[in-house]
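**Q** Take this structure first; my questions come after.
The values are calculated or read from the model by the stated rules, or taken from the named source; none is laboratory data. If you're wondering where the values come from, they're calculated on a predicted model, not measured in any experiment. Reconstructed Cβ throughout: ideal geometry from the backbone, glycine too, with neighbour counts over all protein chains shown.
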Amino acid sequence: MELLTIGAFARAARLTPKALRLYAELGLLPPAAVDPHSGYRYYEPAQLDRARLIATLRRAGMALADIRAVCGLPGDVAAEAVDAWWRRVSADTAARGRIVAHLVDQLVEGGSTMSETTFRYAVRCQTGTVRDSNEDTAYAGANLLAVADGVRGPGGAAASAAAVDALRPLELADAPAAELLATLADAVTSADRTVRACAAEGHQPATTLTAILRRGSQLALVHVGDTRAYLLRGGELFRLTQDHTYVQSLVDQGRLSPAEAAAHPRRALLVRALGAGAQVEADLALRTALVGDRYLLCSDGLSAVVEQEALHTTLAADDPETAVGRLVDLAYAEGAPDNLACVVADVVSA
């Protein structure tokens, strides 16, 4: 069997030679052969599956000690171990979210002049110039903002609508601020089940989802896919989400520059979405609402064709209704090749 050099093996496994050397030192992935004179390492092609498993578990955040244990198990037992690990991580994240929310509430009550807040918002969801259907969904209310983009094909529109509809009961739910992150996480799990139930005629639809849930001065953000959330605060525009796409993974690995990723033909290929994969993998974050903040949630029909500088300039002026209209105009000025959904919401005193 022909052996692969460490460089060729690293490229095939989507790892770096540095990572391979670390895994070899830890006994996770020793090379098949080492040149006795140069010390150069060689790997068998059959080792690629193990390397990719290690890389996937590391991206998921699993500790190397746990990865070593998983790699020593047969496939079905390893799957159970990974599932049990993820349930522990999810429970711990929810518990820490409750602690942080409680702490923030205490700090706000102890000395801040922050008042009760609400959202003042505007919503647009429109079909692109070359599309004959629209799989995007957008929603905004006093306590909830959400944008979803269904994967094009059978059921895509139903999937995005189902994901947003699964969150809408949170608009009026009487959940305490300390439970905000856990409440949103549970709702996203429910949304994932609902999207999976939309399968028809052998097609499993999927959708992205980015949403913000408000309780008092607390905001919980959830994100899956390549819909995005931005925050305009103090005149500066911040992007709050990371795209869960194939090309973004290449950027993270240093194999593509952001400019190259923006022009890549597979830039819309998702690696995470509701309804896809073994289970939902959502990013969750807790934020504090400040009066004067402006949030933008949008599908890639806007963010892929309008540069962030133009988003910044447009968001920095006018009320939400005018701003959202101008954002849509910018997308159409660039040809609007995809459907677009966007929500612009200001945090204002209630």
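**Q** What residue, among those in the range 2-11 that are in a helix (DSSP H, G or I) and in contact (Cβ under 8 Å) with a residue 24 or more places away in the chain, is surrounded by the fewest Cβ atoms within 10 Å (Cβ to Cβ)?
**A** Among them, the one singled out is I6.
**Q** Still on this structure: Any residue at all in the range 52-64 that is exposed (fewer than 14 other Cβ atoms within 10 Å of the Cβ), free of Cβ contacts under 8 Å to residues at least 12 places away in the same chain, of a type in the set (S, T, N, Q) and in a helix (DSSP H, G or I)?
**A** Within the range 52-64 (the criterion being exposed (fewer than 14 other Cβ atoms within 10 Å of the Cβ), free of Cβ contacts under 8 Å to residues at least 12 places away in the same chain, of a type in the set (S, T, N, Q) and in a helix (DSSP H, G or I)), the answer is yes, since at least one residue qualifies.
**Q** Right, something else. Return the residues of the range 304-350 that are touching a helix residue (DSSP H, G or I) at 6+ places or on another chain (Cβ under 7 Å) and of a type in the set (D, E, K, R); say none if nothing qualifies.
**A** Scanning the range 304-350 gives R326, D338, D346.
**Q** Going residue by residue through the range 26-38, is there one that turns out to be within 28 Å of A278 (Cα to Cα), within 28 Å of the chain's Cα centre (by Cα), surrounded by 14 or more Cβ atoms within 10 Å (Cβ to Cβ) and not basic (K, R)?
**A** no
For (1) among the small types (G, A, S); (2) modelled with pLDDT of 85 or more; (3) crowded, with 22+ Cβ neighbours inside 10 Å, each residue gets a yes or a no:
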position: S190; (1), (2), (3): yes, yes, no
position: V195; (1), (2), (3): no, yes, yes
position: P205; (1), (2), (3): no, yes, yes
position: L219; (1), (2), (3): no, yes, yes
position: E236; (1), (2), (3): no, yes, no
position: P258; (1), (2), (3): no, no, no
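**Q** Of the residues A175, A159, which is buried (at least 22 other Cβ atoms within 10 Å of the Cβ) and either touching a helix residue (DSSP H, G or I) at 6+ places or on another chain (Cβ under 7 Å) or at pLDDT 90 or above (or both)?
**A** Working: A175 fails: buried (at least 22 other Cβ atoms within 10 Å of the Cβ).
One residue alone meets the criteria, A159.
**Q** Could you tell me which residue of the range 293-331 is surrounded by the fewest Cβ atoms within 10 Å (Cβ to Cβ), considering only residues that are small (G, A, S) and under 17 Å from Y139 (Cα atoms)?
**A** G325
**Q** Is there any pair linking a residue in the range 191-203 that is assigned by TED's automatic domain parsing to the domain that holds G155 and within 10 Å of A158 (Cβ to Cβ) to one that is modelled with pLDDT under 70 and not in a helix (DSSP H, G or I), with Cβ under 8 Å and at least six apart or on different chains, and which?
**A** As it stands, the answer is A200/P154, since those pairs meet every condition given.
**Q** Then there's this: Return the pair list, or none, for Cβ contacts closer than 7 Å from residues in the range 332-345 that are assigned by TED's automatic domain parsing to the domain that holds T210 and among the hydrophobic types (A, V, I, L, M, F, W, C) to residues that are surrounded by 23 or more Cβ atoms within 10 Å (Cβ to Cβ) and assigned to a loop (DSSP other than H, G, I, E, B), at least 6 apart or on different chains.
**A** Listed by first residue and then by second, the contacts come to L340/S299; A341/S299.
**Q** I need the full set of residues from the range 280-294 which are more than 14 Å from the chain's Cα centre (by Cα) and not in a strand (DSSP E or B), in order please.
**A** A289, L290, V291, G292, D293
**Q** I would also like to ask the following. Within the range 207-217, which residues are at pLDDT 95 or above and touching a Phe, Trp or Tyr at 6+ places or on another chain (Cβ under 8 Å)?
**A** Answer for the range 207-217, where residues must be at pLDDT 95 or above and touching a Phe, Trp or Tyr at 6+ places or on another chain (Cβ under 8 Å): just I212.
**Q** Give me the pairs: first residue in the range 12-36 and without any contact (Cβ under 8 Å) to a residue 12 or more places away in the chain, second residue in a helix (DSSP H, G or I), beta-carbon distance under 6 Å, and six or more apart or on different chains, which are they?
**A** P17/I6; P17/A10; P30/A24
**Q** Pick from the range 111-126 the residues that are modelled with pLDDT under 95 and β-branched (V, I, T): which of them is surrounded by the fewest Cβ atoms within 10 Å (Cβ to Cβ)?
**A** Among residues in the range 111-126 that are modelled with pLDDT under 95 and β-branched (V, I, T), the one surrounded by the fewest Cβ atoms within 10 Å (Cβ to Cβ) is T113.
**Q** Considering each of V82, V89, V70 in turn, give the residue that is in a helix (DSSP H, G or I) and at pLDDT below 85.
**A** Working: V82 fails: at pLDDT below 85; V70 fails: at pLDDT below 85.
Going through V82, V89, V70 in turn, the sole match is V89.
**Q** Looking at the range 332-350, which of the residues that are of a type in the set (V, I, T) and over 16 Å from T227 (Cα atoms) is surrounded by the most Cβ atoms within 10 Å (Cβ to Cβ)?
**A** V347
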